[in-house]
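Here the structure is laid out as structure tokens; the discussion comes afterwards.
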Amino acid sequence: MGRLDGKVVVVTGASRGLGAEIASLLAAEGGRVVCAARTLREGDHRLAGSLETTVEGIRARGGEAHPVTVNIAEPVECERLLDTARKVYGPVDVMVNNAALTYFVPIKDYAVGKWIASWNVNVHAPFVLSQLVLADMIPRKRGAIVNIGSGAAIGPGRGPYPDPAAGVRGGTCYGAQKAALERFTQGLAAEVYEHGVSVTCVSPSQVVPTPGTVYHKLVKGLDDPRGERPELMAKAVLLLASEPLDRVTGRVTYSQQILKEFGWITDGRGRGVDTPGTGYSSS
């Protein structure tokens, strides 16, 4: 018996990295997983990973998965994704908003088109997809929406700034988006609590080595010892997607923090354990 037996799950950004890890674990726990991303086949993107690879891996281990190539920056594409999920498996039980589009560029150099594109993926798409799945969840009085956050939401604080690199690392846009996602999480959680729907947000306690974080030079490689194992984030998502409403809804948390709190791991480190998170994570 898995924690998600028979549940219909949608995971965005499932072609590589965290999304692929999350999709694989939720399928192993009995979820029927719709894997969404822009990259269908290996070689279609400069980074390794594809929907075909993720889905084939899930099916090889006896799980159920279906790939959907989609650009969630477009609301009509979000609608197509959810329509496909319903046709293939039925009403959605779990929505994991994981996909991200990131450019680490200082604001003075940020191209307006890239700015808008990243907000469309990182903030607007979670809103559109959440609204769409609520049409499945509210009538049935159950469901879980899990948003994937980031430690980038923790700002640099007030000045002065003696470290000259602090203002030019280029994470201002991404950090603002993840901070917005945290506020969105708690606001939506309060709105749909009476309908039995859980809404949560979880960020890695440490940087997770993935093709994306390696590309952006946040870690040195996939085996960087400073990083967090991807399966810890996947387990945190599973926990938030499967625990009873009153135990988790409205939580803005960190992977190792929530896993340690619920006894899924004995020791933890990083954000939420050794260092504080954002204000929303402590409220």
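The values are calculated or read from the model by the stated rules, or taken from the named source; none is laboratory data. The structure presented is a predicted model; accordingly, all values stated were derived computationally and were not measured. Every residue, glycine as well, gets a Cβ built from its backbone with ideal geometry; the counts of neighbours run over all protein chains shown. Surface areas here come from the heavy atoms of the whole protein model, side chains and all, with no ligands, DNA or RNA. Shrake-Rupley method; radii C 1.70, N 1.55, O 1.52, S 1.80 Å.
The table that follows gives values for the structure above.
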quantity: Calculated from backbone phi, Karplus (6.51, -1.76, 1.60) coupling profile of segment 139-144 in Hz, x at Gly/Pro; calculated: x, 8, 6, 6, x, 9
quantity: Zero-based 10 Å bins, Cα pair distances in segment 126-283, whole percents; calculated: 11, 37, 34, 15, 3, 0
quantity: Karplus (6.51, -1.76, 1.60) ³J(HN,Hα), θ = phi - 60°, over segment 87-99, in Hz, Gly and Pro reported as x; calculated: 5, 7, 10, x, x, 7, 9, 9, 10, 10, 8, 10, 4
quantity: Net charge dipole size for segment 101-258 [Lys, Arg +1 and Asp, Glu -1 on Cβ; Debye, nearest 20]; calculated: 180 debye
quantity: For segment 14-119: accessible area per residue (Å², 1.4 Å); calculated: 46 Å²
quantity: Lys/Arg +1, Asp/Glu -1 at C-beta; segment 188-283 dipole; positive extreme among L245, A189, G270; calculated: G270
quantity: Local net charge near G63, Cβ-Cβ under 11 Å (Lys/Arg +1, Asp/Glu -1); calculated: 0
quantity: Solvent-accessible area, 1.4 Å probe, carbon plus sulfur percent, for segment 127-218; calculated: 60 percent
quantity: Label point distance in nm, K220-I107, each placed 7 Å from Cα along Cα→Cβ; calculated: 3.4 nm
quantity: Contact order relative to length of segment 14-91, as percent, for alpha carbon pairs under 8 angstrom and 6 or more apart; calculated: 30 percent
quantity: Using θ = phi - 60° and Karplus 6.51 cos²θ - 1.76 cosθ + 1.60, couplings along segment 247-255 (whole Hz; Gly, Pro as x); calculated: 7, 9, 4, x, 6, 10, 9, 10, 3
quantity: Rounded accessible area of D109 (nearest 10 Å², 1.4 Å probe); calculated: 90 Å²
quantity: log10 of Debye I(q)/I(0), alpha-carbon scatterers only, for segment 183-255 at 0.13, 0.22 Å⁻¹; calculated: -0.47, -0.87
quantity: Shape box of segment 112-219 [Cα atoms, principal axes, largest first, Å]; calculated: 52, 29, 29
quantity: Ranked packing of 269-279, 95-105, most packed first, by mean Cβ within 10 Å; calculated: 95-105, 269-279
quantity: Residue-count net charge about A125 - beta-carbon cut-off 11 Å; Lys, Arg +1, Asp, Glu -1; calculated: -2
quantity: Cα→Cβ-extended label distance, 7 Å offset, between E42 and W264, nm; calculated: 2.9 nm
quantity: Neighbourhood net charge (9 Å Cβ-Cβ; Lys/Arg +1, Asp/Glu -1) for E29; calculated: +1
quantity: Total lysine pairs whose alpha carbons fall under 22 Å of each other in the chain (8 or more apart, or interchain); calculated: 11
quantity: Principal axes of the chain: Cα extent on each, largest first, Å; calculated: 54, 42, 34
quantity: Calculated FRET efficiency for the pair A135/K114, C-beta based, R₀ 25 Å, to 0.05; calculated: 0.20
quantity: A65 long-range amide H proximity, modeled H, under 5 Å; calculated: V33
quantity: Rounded accessible area of W119 (nearest 10 Å², 1.4 Å probe); calculated: 50 Å²
quantity: Backbone N within segment 225-260 under 18 Å of label point (7 Å from E191 Cα along the Cβ vector); calculated: 249-252
quantity: Mean separation of Cα contacts under 8 Å, 6 or more apart, over the residue count of segment 17-175: relative contact order %; calculated: 22 percent
quantity: Segment 166-283: relative contact order in percent, alpha carbon pairs under 8 Å with at least 6 residues between; calculated: 28 percent
